[in-house]
1. Cβ-Cβ below 8 Å, separation at least six or inter-chain, first residue in segment 15-27 and closer than 16 Å to GLN58 by Cα and surrounded by 11 or more Cβ atoms within 10 Å (Cβ to Cβ), second at pLDDT 95 or above and among the aromatic types (Phe, Trp, Tyr): which pairs?
2. Residues that are touching a Leu at 6+ places or on another chain (Cβ under 7 Å) and surrounded by 12 or more Cβ atoms within 10 Å (Cβ to Cβ): does segment 75-82 have at least one?
3. Return the total of residues in segment 34-51 being β-branched (Val, Ile, Thr) and free of Cβ contacts under 8 Å to residues at least 24 places away in the same chain.
4. For segment 52-72, enumerate the residues that are within 16 Å of ALA8 (Cα to Cα) and either in contact (Cβ under 8 Å) with a residue 12 or more places away in the chain or assigned to a loop (DSSP other than H, G, I, E, B) (or both).
5. Do we find that ALA61 is loosely packed, with under 10 Cβ neighbours inside 10 Å and at pLDDT 90 or above in this structure?
6. State the number of residues belonging to segment 56-74 that are under 14 Å from PRO25 (Cβ atoms) and out of contact with any Pro (no Cβ under 9 Å at 6 or more places or on another chain).
Amino acid sequence: MDTTTFSALAEPNRLHIVELLRYGPLTVGEIAERVGIRQPQASKHLRVLLEAGLVEVQVVANRRIYRLRQEPFQELNEWLETYRALWQERFDALDRYLQKLQAEDKQSKE
């Protein structure tokens, strides 16, 4: 797993931008307005996301339209899936243990 993705997403404004782009492409101005930052700041954050490979840009006349790239998020999901499986096994084991304790407690009260 490339740590560049985590570094790019660690900054709150960039994470907010990614959340906005989940719903579709936006221009730099639209992003700046919705995040509540100035356009030069939005451009700097978008440059980091672009260099990390998380977004792509389409130039239309004098506008830059940004959209999310699927591949890095699919890679992140696959990486996280290994941890989901591990935690699911642990939660299942905890559930079995708690059920056993409850059954023992119920038997001791009878």
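1. Close Cβ pairs (under 8 Å, with a partner that is at pLDDT 95 or above and among the aromatic types (Phe, Trp, Tyr)) amount to LEU21/TYR66; PRO25/TYR66; LEU26/TYR66; THR27/TYR66.
2. Keep residues of segment 75-82 that are touching a Leu at 6+ places or on another chain (Cβ under 7 Å), which gives none.
No; the residues of segment 75-82 include none that is touching a Leu at 6+ places or on another chain (Cβ under 7 Å) and surrounded by 12 or more Cβ atoms within 10 Å (Cβ to Cβ).
3. The qualifying residues number 1.
4. Across segment 52-72, the qualifying residues are ALA52, GLY53, LEU54, VAL55, GLU56, TYR66, ARG67, LEU68, ARG69, GLU71, PRO72.
5. The answer is yes for ALA61.
6. Within segment 56-74, the subset under 14 Å from PRO25 (Cβ atoms) is 56-60, 63-70.
Okay, now just the ones that are also out of contact with any Pro (no Cβ under 9 Å at 6 or more places or on another chain), so 56-57, 59-60, 63-64, 69-70.
Residues that pass the stated criteria total 8.
The values are calculated or read from the model by the stated rules, or taken from the named source; none is laboratory data. No experiment lies behind these values; they were computed from the predicted model shown. Cβ sites come from the backbone with ideal geometry, for glycine too, and all protein chains shown count toward neighbours.
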